[in-house]
Amino acid sequence: MFTTIWNTIFFHPILNVMILLYHFLGDNLGWAILGIAVIARILMIPLVKRQTEMTKKMANLKPELEKLNKKYANNKEQLTQEQMKLYKKVGYNPLGCIGTFVPQLLILSVLIGVIRHVTDSDLEGLYTWVRDITGISNGISIESNFLFWDLTKSYNSVSAEFGKLSIEALPYIGLSLLVGIVQFITTKFTQKMQNPTPVTKKEKKNSTEQSAEDMQANMQKSMIYLFPVMTMFFTISMPAALGWYWMIQSILLVVQYFTLDFNKTKKGVQNMWDIISKKKDKLSKE
């Protein structure tokens, strides 16, 4: 029952879209995966837009939250209740970021299965009209070479055959490092997007109670190094196709933020650049 629902709603549609894109983009699996990433980002626009709108509302609530902190400085229980009333007023959810993360994981998990089936030439889920248009059917091999990689292979599989630091394995190491770097920049960027104006030490000192917004920011901050490392290890052991997809997804997220809220994104980028510049100046002085 679950398998039937999974295949009907998720697996078969993505498999068919993948084969259509592969056919119309010059029998190129890499461009087909890029197309899947673009489509996924387009479908997620409502979720990302809702998240950006929510951060705007929270920014507008900041003066009221500061008043509550002062008014109920000695009554944490009452402060929490009043804060929750404000959050409820704007429909704020501290875990709202999960709403955009879960769909990404869902698509990624489906894509893992699709890539494996395409690799094994197991295209049993193709619709009849897709087979007629593309001329591709179950058992036909799909061209998997793209740029420097065979998208069906991973660093682990290549290094096991040729050696860990072999010329054949280097492109796969490079892909894993590139995915990690892009993921780090994207994670840092999204963190700054949640708070384009940095909190000063004075503001931190005056805050007697951690707000839900602060909790979300701290949670994201803890993931800024862990998440890129996780994705690097992920791409080392999984087919290069998934590393390529994840890297494109990360880049498209930044593009999406620019599209939905250019002014705030500009502030977030400027804030991130200022922090990098200060760190460079500090290192040069040392």
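I need a count of the residues in the range 157-183 that are part of a helix (DSSP H, G or I) and open to solvent by 30 Å² or more (accessible area, probe 1.4 Å). Total satisfying the criteria: 11. Among the residues of the range 9-24, some residue qualifies, meaning at least one is modelled with pLDDT of 75 or more and either among the polar types (S, T, N, Q) or in contact with a Lys or Arg (Cβ under 9 Å, 6 or more places away or on another chain) (or both).
Screening SER137 against (1) more than 28 Å from the chain's Cα centre (by Cα); (2) farther than 15 Å from MET18 by Cβ leaves a single unmet condition, (2). Just one of the listed residues (ILE14, ILE5) is open to solvent by 70 Å² or more (accessible area, probe 1.4 Å) and not aromatic (Phe, Trp, Tyr), and it is ILE5.
When each of ALA32, ALA40 is tested for being over 30 Å from THR80 (Cα atoms), surrounded by 15 or more Cβ atoms within 10 Å (Cβ to Cβ) and modelled with pLDDT of 90 or more, the lone residue that passes is ALA32. The residue that is farthest from ILE167 (Cα to Cα), among those in the range 134-152 that are open to solvent by 80 Å² or more (accessible area, probe 1.4 Å) and not acidic (Asp, Glu), is ASN138. If the condition is being in a helix (DSSP H, G or I) and open to solvent by 20 Å² or more (accessible area, probe 1.4 Å), then the range 114-133 contributes ARG116, HIS117, THR119, THR128, TRP129, ARG131, ASP132, ILE133.
The values are calculated or read from the model by the stated rules, or taken from the named source; none is laboratory data. If you're wondering where the values come from, they're calculated on a predicted model, not measured in any experiment. When we count neighbours, we look across all protein chains shown, and the Cβ atoms used for this are built from the backbone with ideal geometry, even at glycine. For accessibility, only protein heavy atoms count, side chains too; no ligands or nucleic acids. Shrake-Rupley method; radii C 1.70, N 1.55, O 1.52, S 1.80 Å.
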